[in-house]
Amino acid sequence: MNNLLNNIQEILLMGPGPSCVPDAVYQAMSQKTLGHLDPYFLQIMDGIKEQLQAVLHTHNVLTVPISGTGSAGMETCFVNLVEPGDPVLILSNGVFGTRMQDVASRLGAKVDALEFTWGAPVIVEDVKKKLAGNAYKIVAVVHAETSTGVCNPVPEIGKLLQGSDTLFLVDTVTSLGGINIEMDAWGIDALYSGSQKCLSCPPGLSPVSFSDRAVAALQQRKSKVPNWYLDLSMIIKYWEGRKRVYHHTAPINMLYALYQALFLILEEGLEHVYQRHLENHRALVAGLEALGLKMVVEPQYRLPMLNSVYVPDGVDEAAVRTALLEKYKIEIGAGLGPLSGKIWRIGLMGHTARPENVTRLLDALKRLV
Ligand SMILES: Cc1ncc(COP(=O)(O)O)c(C=O)c1O
């Protein structure tokens with residue numbers, strides 16, 4: 001019988017995620033499975049929580065990895081905080097801001113979307129005007145918009161909300177582990193991320209953190225959280241306290257992987273990790289521009305871990321990606337939505353952000369464009 005798993009090739013993952021996974025993380029995943037209430041496993045859970053608090057710069061007690069990918073983290077934040085009729089403002093400049101609108105409106109939120117140009121950041125002045133005279137329960141934004149490669153001004157938006165009752169909800173799926181996040185200092189109340197981007201862990205977990213204010217909002221709900229699996233008021237009883245209460249069977253080996261991925265990041269040092277992303281991003285941009293390619297995003301708003309570049313006139317966008325994959329064993333991403341067919345998205349996320357990978361991609365592109 002042919003076992004398909006015997007023929008998996010090693011692909012250099014330079015798309016919008018998943019990113020390359022270090023061997024130590026694969027090895028962590030293949031450790032022996034423990035029971036989800038095993039005392040040693042509980043210690044590993046506590047370790048994950050502490051490491052997440054360190055990378056997020058938060059003291060939030062409610063800091064847990066949700067079983068599911070980044071979208072499960074998005075659902076978790078909205079489903080625990082939104083009740084029907086709640087006014088929610090979503091600052092949107094890409095696919096994931098659009099997804100937030102869908103998720104929030106399915107929960108019956110009164111969604112107000114402030115749209116910005118794809119490829120450009122959220123304009124803080126416009127947000128300020130929108131907030132004047134409007135009392136929102138939640139303002140939500142994507143920190144690193146993976147569909148375009150734009151970094152949104154999260155600290156500045158946080159400042160606008162200081163002293164108000166509005167909860168600040170931030171998507172850090174692509175930013176966590178690649179650029180600095182100061183959850184407490186920036187006034188973020190609810191945040192979610194994903195394991196498969198700059199954390200360089202396989203997809204399957206979504207770190208989530210709630211501030212005390214967000215926890216209070218959850219506790220003061222008039223109605224039950226309308227999703228059993230993602231109800232944080234229940235999940236927290238498994239992640240906290242001396243006596244742990246079973247909620248659902250934790251994905252044990254995935255959690256080993258997340259523990260190890262966070263361990264590697266903290267061992268390297270956050271500053272060093274961010275600097276490595278930045279230097280490889282600069283080298284990539286210089287190489288792309290030397291090939292005559294044009295970046296989509298203005299330099300000051302660019303994300304180091306997601307580089308979007310226009311496809312030159314007359315070049316078959318999909319054919320280049322296929323050749324990269326088949327001939328050079330490199331994956332890059334295509335454009336989404338209005339940018340579909342017009343751009344490539346090149347990821348330098350986590351373990352992928354290394355000079356040898358930048359050189360390998362540029363050498364291949366030189367032959368193809
Ligand atoms: C910014 C952002 N938010 C949310 C998601 C959704 O995450 P997932 O695909 O892991 O469910 C992604 C995935 O690419 C993302 O880039």
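For the range 264-369, give the magnitude of the charge dipole about the Cα centre (Cβ charges: +1 Lys/Arg, -1 Asp/Glu; no others), in debye to the nearest 20. Can you show the working numbers first?
Working: 13 positive and 13 negative charges, 47 e Å.
The dipole of the range 264-369 has a size of about 220 debye.
Kindly provide the trypsin sites (Lys or Arg not before Pro) of the range 241-291 that DSSP labels as loop, not H, G, I, E or B, and whose Cβ sees at most 13 other Cβ atoms within 10 Å.
Working: sites: Arg242, Lys243, Arg244, Arg276, Arg282; in loops: Arg242, Lys243, Arg244.
Listed in order of number, the matching sites are Arg242, Lys243.
Rounded if a/c is under 1.5, else prolate if a/b is larger than b/c, else oblate: which is the range 1-108, with a ≥ b ≥ c the root eigenvalues of its Cα gyration tensor? Provide the component values of the computation, followed by the final result.
Details: a/c = 2.14, a/b = 1.37, b/c = 1.56.
Judged from the Cα gyration tensor, the range 1-108 comes out oblate (a/c at least 1.5, b/c at or above a/b).
Where Rh is the Kirkwood radius over the Cα pairs of the range 249-369, the temperature 20 °C and the viscosity 1.002 mPa s, what D in µm²/s does Stokes-Einstein return?
On the way: Rh = 15.7 Å.
The calculation lands on 137 µm²/s.
Sequence neighbours fewer than 8 away in the same chain don't count; with that in mind, list the aspartates and glutamates whose C-alpha is under 19 Å from Lys329.
Output for Lys329: Glu10, Asp23, Asp316, Glu317, Glu356, Asp363.
Take the eigenvalues of the Cα gyration tensor for the chain, scale each by 5, and report the square roots as semi-axes in whole Å, largest first.
With the √(5λ) rule applied to the chain, the semi-axes are 33, 27, 17 Å.
With the other protein chains left in place, how much accessible area per residue, in square angstrom, belongs to the chain at a 1.4 angstrom probe? List each step's numbers first, then the result.
Values: 16080 Å² over 369 residues.
I get 44 Å² per residue for this part.
More than 11 Å apart: what percent of Cα pairs in the range 150-193 qualify?
Numbers: 615 of 946 pairs.
Cα-Cα pairs in the range 150-193 separated by more than 11 Å: 65 percent.
Using a cut-off of 18 Å between alpha-carbon atoms, which lysines can reach Lys224, once sequence neighbours fewer than 8 places away in the same chain are excluded?
Lys137, Lys237
Rounded to whole Å, give me the distance from the Cα center of the range 211-244 to that of the range 151-191.
Between the Cα centres of the range 211-244 and the range 151-191 lies a distance of 21 Å.
Of the accessible area of the chain, with the probe set at 1.4 angstrom, what percent is carbon plus sulfur? List each step's numbers first, then the result.
Details: 8610 of 16080 Å².
The value for the chain is 54 percent carbon and sulfur by accessible area.
Enumerate the helices in the chain for which the Kyte-Doolittle hydropathy averages -1.0 or more and the C-alpha atoms extend at least 15 Å along the helix's axis, using complete DSSP H runs. Numbers along the way, then the final one.
Values: long enough: 39-56 (26 Å, 0.36); 70-81 (17 Å, 0.64); 95-106 (17 Å, -0.25); 252-268 (24 Å, 1.16); 270-290 (30 Å, -0.42); 317-328 (16 Å, -0.02); 355-368 (20 Å, -0.32).
Membrane-span-like by this rule: 39-56, 70-81, 95-106, 252-268, 270-290, 317-328, 355-368.
The values are calculated or read from the model by the stated rules, or taken from the named source; none is laboratory data. What you are looking at is a predicted structure, and each value in this text was computed from that prediction instead of being measured. Because the Cβ atoms are built from the backbone with ideal geometry, glycine has one as well, and the counts that use them run over all protein chains shown. Heavy atoms of the whole protein, side chains included, go into the accessibility calculation; ligands, DNA and RNA do not. Shrake-Rupley method; radii C 1.70, N 1.55, O 1.52, S 1.80 Å.
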